[in-house]
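This report refers to the structure that appears directly beneath it.
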Amino acid sequence: MTDATSTDCPPSLDPVASARWSAWPHAQSPWLHEEIGQRMQARLEWIRLQPKLWVDWAPLNGGLATHAKVRARYPNARCVVVEPAATRAQLTQQVLQAPWWQRWRHPQALSFGEPALGTADMVWANMALHASAQPQALLRQWHQALAVDGFVMFSCLGPDTLHELHALYHERGWPLPSHAFTDMHDWGDMLVAAGFAEPVMDMERLTLTYASPQALLAELRGLGRNLSVGRFAGLRGKHWHSQLGQALLALARPETGGRLRVTVEVIYGHALKPLPRAKMAEQSSVSLQDMRTMLNRSKG
C-alpha cells in the first residue's frame, strides 16, 4: 500500500511527536480504547456486508481484546493486521500470532503486513486517526486498501476532549495540554475528499472520573502524549508538577462525589468505497481489482 505524499498535517499537531508516540510500545491496550472499540463493534450490527477479508489498523493501541471480538464476529473471514510502526508490529505479532500448528491448519486466517490494493471488505481503525500527522493521506490509504463496496469503520477523539484541562491550562497561562482535535463534520468532508461515499458520523461524550490528580495523570500518560506544537519545549520541574497537582483539584465535582472529572468526546465514522467514476481526473488512478469490478459490472 503506497503512502501518498501530503502536506495535510493538522496545524496544531507536531509530526515528530506524533511519530514518536506511534512507535511507543504499549504494555497493553488502553482500557478506554477497548471500551470505545466495544461500542464501535456494536455498530457492526447495522452492517449487512459480511467481510471475507478485513484489515485491523494498529490494534495494539486500538485494542487487542476488541480485535478478538471482531474476529469472533467474522469467524470465516481472513484478517490482515497492519501496525505502521515496527516496534508495535513486533509486539502485536507476538500476542496475536497463533502457534505454528494452528497456522499450518489455517494458513490464511491471520496475516501481518499490508493487504493487496483493492482487496479488503472492511478497514477497522479504532482510535488511530486523531494522532496521525497526515490524516488525509491515511484516509486515502484505507480507501486504496478497500474493494469496491467495502467500508471503513473508525473512531477518534473529538474537539471537546479534555476541555476542562484546556480551560485550566488557559487560566494559568500554560501552553496547551494537547493538540486540537478535529470536528466530526470535517472528518466527513475529508472522507468524501479521499474518495469515500455516504459517510455516516456519530459522536458521544464520555465522563471520566478520578480519585486524585496522580490517578488522572497516570491515565493520560497511558492514553497518549501531548502532541501540540505549542507544548512546553523543555523539562518541567518538581515545583511545576506540584502546581499542576494542586490545580487539578479544581476538576473535582460534587455530582461525582468529589472525584476529578474530565470529558472525552468520541467520534465514530463509517463510509463506503463506491464504484469509481467513469470519467476520472487526469492524475487519478484505479487499482487493478477496482478496474476488474468496473468491467464486470459493465458486462452485466
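Coordinate-derived values only; no laboratory data. If you're wondering where the values come from, they're calculated on a predicted model, not measured in any experiment. For neighbour counting, all protein chains shown are included, and Cβ atoms are generated from backbone atoms with ideal geometry for every residue, glycine included.
Remarks
- With at most 13 other Cβ atoms within 10 Å, longest stretch of the chain clear of loop trypsin sites (Lys or Arg not before Pro) (DSSP): 49-171
- Dividing the C-alpha radius of gyration of the chain by 2.2 N^0.38 Å, with N its residue count, gives 1.08.
- Annotation: aspartates and glutamates with alpha-carbon distance below 16 angstrom to Lys273 (same-chain offsets under eight excluded): Asp121, Asp149, Asp189, Glu198, Asp290.
- Helix-derived mean residue ellipticity, 222 nm - over the chain, DSSP H n ≥ 4, -39500 (n - 2.57), to 500: -11000 deg cm²/dmol
- Tail fraction, Cα-Cα pairs, segment 137-208, threshold 18 Å, whole percent: 51
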